[in-house]
Amino acid sequence: MNGNVYKDAKEQYAELGVDTDKAIAALKTVPISLHCWQTDDVGGFESPDAELSGGGIQVTGNYPGKSRNITEMRADLDKVMNIVPGNQRLSLHMMYGEFDGKNVGREKIAPEHFAGWIDWAKERKMGLDFNGSFFSHPNADDGFTLSHPDKAIREFWIEHGRQSRKIAAAMGKALGTPSIVNTWIPDGAKDLPVDRLGYRVRLRDSLDAMMKEDFPKSHMKDAVETKLFGIGSESYVVGSHEFYMGYAMSRDKMICLDMGHFHPTESIADKLSSVYLFFEELLLHVSRPVRWDSDHVVLFNDDIADLTRELVRCGRIADTHIGLDFFDATMNRVGAYAIGSRAVLKGLLAAFLEPHDKLKTYDLEGNAFARLALLERAKTLPLGAVWDRYCEESGVVKDAGLIDDVLGYERDVQSKRK
Ligand code: RNT
Ligand code: ZN
């Protein structure tokens, strides 16, 4: 890049008391956890005769080139890490173990099925996060898993959850960085349940049973993901926001806030300063809902800018686990990752570049006009020049080269998967 472009940007920010080099340095320390499931539309690699079923999650689109096995998935993830600056972790789902074509029951998936992933992550010096897969299975077809009225079905999923925590603990131990285990279940009802309480009592008790075993926090940490509604659970979600806030707080767990799991006009940015007061750590699922929990590719839009600003303003980035959660099968999937992860990083960079001290002074003085005027001014500062500089320093493609880069991979690799 023309050195003057960055120099000029640096000066413009300096006028407001912001050091762009420091902002870049701060950004470098924030890891993003890539969700493995955008590579294959949340399909997983269970054996062909495993009993798969459609319930719980929905992906639309059939763009060619999705990864069909773990080798292809790893190639795609390597490509993603090659075009996203900074450090990444990888968030795996239970259904992505190495099962060698065997039909391993969901309740029997064990650390050995992830030994290859642990080696893979070790080679790349990266951490792994984890998720039980409580969907796409006949035992989830009724729309209930851990809160199911049938004890046998609950027991099945409790066992699955226990195993997910064991696997995560093995990952964290081997890799020297705790694995965050996120528990999301689809449990809910399309129409009006009468015994709302009963399902929630069962969910509480199932979670207690599932999380009974203690692991060192240096190996694994639990998070529980709240939700308001879903397709097929429009009227009632057992694991609602209030349910999991109470559960997590009383059991010393994290909550997971997914950007698609609230009312469409509700912003999770505003929740952070409350949550951080009462929780030591937090897991985020960064997503983009379009009218519903549609998991569109994340963009650098107002929602992301608001969220990342709050993260930085609260000074709690180090306590926040930033995970991605979107899946779009209508476009190049590696490209989707690149756009989404780079959008989050851009948001963080913009937040680190905010003239925070000046804004806070206006805030405290009650100078609403000056506060707003400076916020407006900050919007047109040369963020792009600093972002380009960061990409350059990190040795990854700049936005200007992204399309050719991804389409090159599509031509050379993905288009051959027929
Ligand atoms: C679903 C939740 C959950 C899933 C992943 C695949 O509404 O957001 O996090 O997207 O576990
Ligand atoms: Zn989520």
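What follows draws every value from the coordinates through simple rules; no lab data is involved. In this text the structure is predicted, and so the values were computed from the model without any measurement. Don't worry about glycine lacking a Cβ; one is built from the backbone with ideal geometry, like all the others, and counts go over all protein chains shown.
Points worth noting:
- Close amide H contacts of Met220 (hydrogens built in the peptide plane, cut-off under 5 Å, sequence separation of 5 or more or a different chain): Ser179.
- For peptides 156-162, 102-108, sequence by mean Cβ density within 10 Å, most packed first: 156-162, 102-108
- The GNM of the chain, with springs linking C-alpha atoms under 10 angstrom apart, assigns the highest mean-square fluctuation among Asp195, Asp399, Asp21 to Asp195.
- HN-Hα J in Hz across the stretch 331-344 - Karplus 6.51, -1.76, 1.60, θ = phi - 60°, x for Gly and Pro: 9, 3, 6, 5, x, 4, 4, 4, 4, x, 6, 5, 5, 5
- Cα-projected label distance for Lys108 with Glu213, points at 7 Å along beta-carbon direction, nm: 1.7
- Extent of the stretch 261-418 along its three principal axes (Cα atoms, max minus min coordinate, largest first): 62, 34, 28 Å.
- Full-extension gain in nm, Ala400 to Asn82, via 0.36 nm per residue minus C-alpha separation: 112.9 nm
- FRET efficiency for Arg417 and Lys122, using Cβ-Cβ distance with R0 set to 30 Å, rounded to 0.05: 0.65
- In summary, the convex hull built on the alpha carbon positions of the stretch 191-349 has an orientation-averaged projected area of 10.5 nm².
- Normalised Debye scattering of the stretch 90-159 at q = 0.16, 0.21 Å⁻¹ gives log10 I(q)/I(0) of -0.62, -0.91, counting only Cα atoms as equal scatterers and leaving out solvent.
- Difference of contour (0.36 nm per residue) and Cα-Cα distance, Ala14 to Lys358: 122.6 nm
- Separation of alpha-carbon centers, the stretch 162-201 and the stretch 322-364, rounded to whole Å: 27
- For the chain, share of DSSP beta bridges that run antiparallel, in % to the nearest 5: 10
- Two-site FRET efficiency, Glu155 against His263, from Cβ-Cβ distance with R₀ of 30 Å, rounded to 0.05: 0.30
- Label-point gap, in nm, between Glu242 and Asp191 - each point 7 angstrom along Cα→Cβ: 2.4
- Residue of Thr60, Thr308, Thr145 that the Gaussian network model of the chain assigns the largest fluctuation, springs spanning Cα pairs under 10 Å: Thr60
- The chain - mean residue ellipticity at 222 nm from DSSP helices (-39,500 (n - 2.57) per run, n ≥ 4, rounded to 500): -14000 deg cm²/dmol
- Phi angles of the stretch 152-169 translate, via the Karplus equation with coefficients 6.51, -1.76, 1.60 and θ = phi - 60°, into HN-Hα couplings of 5, 5, 4, 4, 4, 6, 4, 5, 4, x, 4, 5, 4, 6, 5, 4, 4, 4 Hz per residue; Gly and Pro are given as x.
- The equivalent ellipsoid of the chain has semi-axes of 36, 26, 19 Å, largest first, where each one is the square root of 5 times an eigenvalue of the Cα gyration tensor.
- Vicinal HN-Hα couplings computed from phi for the stretch 100-110 (Karplus, 6.51 cos²θ - 1.76 cosθ + 1.60; Hz; Gly/Pro x): 6, x, 8, 8, 8, x, 4, 7, 10, 5, 9
- Estimated inter-spin distance, Trp292 and Thr71, nm [label 7 Å along Cα→Cβ]: 3.9
- Modelled FRET efficiency - R0 41 Å, Arg313 with Asp100, Cβ distances, 0.05 increments: 0.25
- Put simply, the amide H of Gly188, placed in the peptide plane, has neighbours under 5 Å in Val238, leaving out anything fewer than 5 places away on its chain.
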